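Scroll down for the structure; my scribbles are underneath it.
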Amino acid sequence: MLLAVLGLAILAHAEQPSCREGYRQCQAQDRTSPFYYRCGSGQWSLYTCGNGYTCSVGGGTGAACVPSAPPIRQPACIDGQRRCAGPGNDGLYYLCSGGAWKIYTCGNGYECKQTGPLQAVCSAAAPQCQSGTQRCGGQWPGQYYSCDNGRWQQNSCNPGDRCVNIPGDLINCAVGK
């Protein structure tokens, strides 16, 4: 089963606190809503999962779109069997309990890896980057990214300064334009 994170930005959500780039948060915490917020350029924007999907809390980016209801013809299962929710599963997996598949999350920083036909484990996700590295990037000339614990975090130079990449995977904030 593939997860889909489909949607179009509907409106900016200014009441939410500052956010981490790429992080997602469900509008409702009970899997009844297809709406979620996604952080982009330091602001929350409202998106929709698309037809047949709802937002579910969990995974490395905070939330993911999952099918609203189990597929009509899910295979029967034996308690204890596990399977990843699909490619790009964001740490979501199915566990057979009481003869039915139920969705769970591996937790932040973990991903689901299929180890056999009905065997899966949660393991630490591969880091996106090496801690301590930096690179220029973002919407403005003064924005850059720093790697902290394997994840890119967006930062900014002082107002009016611009970011310059320097050897050794580092940046320098240069004065002026």
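Summary table
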quantity	calculated
Any hit, the stretch 33-43, residues being open to solvent by 30 Å² or more (accessible area, probe 1.4 Å), part of a strand (DSSP E or B), among the polar types (S, T, N, Q) and at pLDDT 85 or above	yes
Complete set of residues in the stretch 89-108 that are under 12 Å from the mean Cα position of the chain (by Cα) and loosely packed, with under 15 Cβ neighbours inside 10 Å	Gly107, Asn108
Verdict on Pro117 being surrounded by fewer than 18 Cβ atoms within 10 Å (Cβ to Cβ) and at pLDDT 85 or above	no
In the stretch 1-22, residue nearest to the chain's Cα centre (by Cα) [restricted to those that are at pLDDT 50 or above and either closer than 17 Å to Val66 by Cβ or not hydroxyl-bearing (Ser, Thr, Tyr) (or both)]	Gly22
Selection count where residues are under 21 Å from Gly62 (Cβ atoms) and either surrounded by fewer than 17 Cβ atoms within 10 Å (Cβ to Cβ) or under 13 Å from the mean Cα position of the chain (by Cα) (or both), scope the stretch 120-130	6
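The values are calculated or read from the model by the stated rules, or taken from the named source; none is laboratory data. Since this is a predicted model, take the numbers as computed values, not measurements. Note: ideal-geometry Cβ built from the backbone for every residue, glycine included; neighbour counts use all protein chains shown. Keep in mind that these areas ignore ligands, DNA and RNA; they rest on the heavy atoms of the full protein, side chains included. Shrake-Rupley method; radii C 1.70, N 1.55, O 1.52, S 1.80 Å.
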